[in-house]
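A.B. asks: Got a structure here, written out as structure tokens. Questions coming.
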């Protein structure tokens, strides 16, 4: 397993230490979650990147673990590789 960042739409969370984020899976479904602001990089104009754990890569997609508190029951998501940054040691 390794870490990477995924493109997300971002807004302020209830507390300064958190952000509300929305990512899209390979089917275009939106997944919303609250994450620690420490996991966010390159934030500007309502978008940025959130650090996630990459569990598996296959073809043109990857299985990731969504950080923080997820809206609904989804803890894992399959996202296009094109939405991920280069992997980081994790």
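Since every read-out is calculated from the coordinates, none of them should be taken as a lab result. Everything numeric in this text was worked out from a predicted model, so none of it was measured. Counting neighbours? That spans all protein chains shown, and the Cβs are built from the backbone with ideal geometry, glycine included.
A.B. asks: Out of 38, 42, 60, which single residue is over 12 Å from residue 4 (Cβ atoms), without any contact (Cβ under 8 Å) to a residue 40 or more places away in the chain and in contact with a helix residue (DSSP H, G or I) (Cβ under 6 Å, 6 or more places away or on another chain)? Explain how you work it out, then say what you get.
C.D. replies: Values: 38 fails: in contact with a helix residue (DSSP H, G or I) (Cβ under 6 Å, 6 or more places away or on another chain); 42 fails: in contact with a helix residue (DSSP H, G or I) (Cβ under 6 Å, 6 or more places away or on another chain).
Of the residues listed, the single one that is over 12 Å from residue 4 (Cβ atoms), without any contact (Cβ under 8 Å) to a residue 40 or more places away in the chain and in contact with a helix residue (DSSP H, G or I) (Cβ under 6 Å, 6 or more places away or on another chain) is 60.
A.B. asks: Kindly provide the set of residues from the range 4-16 that are more than 11 Å from residue 68 (Cβ to Cβ) and in contact with a strand residue (DSSP E or B) (Cβ under 7 Å, 6 or more places away or on another chain), ordered by number. Give the steps one after another, and end with the answer.
C.D. replies: If we filter the range 4-16 for residues that are more than 11 Å from residue 68 (Cβ to Cβ), which is where we start, we get 4-12, 14-16.
Of everything in the range 4-16, those that are more than 11 Å from residue 68 (Cβ to Cβ) and in contact with a strand residue (DSSP E or B) (Cβ under 7 Å, 6 or more places away or on another chain) turn out to be 4, 5, 6, 7, 8, 9, 10, 11, 12.
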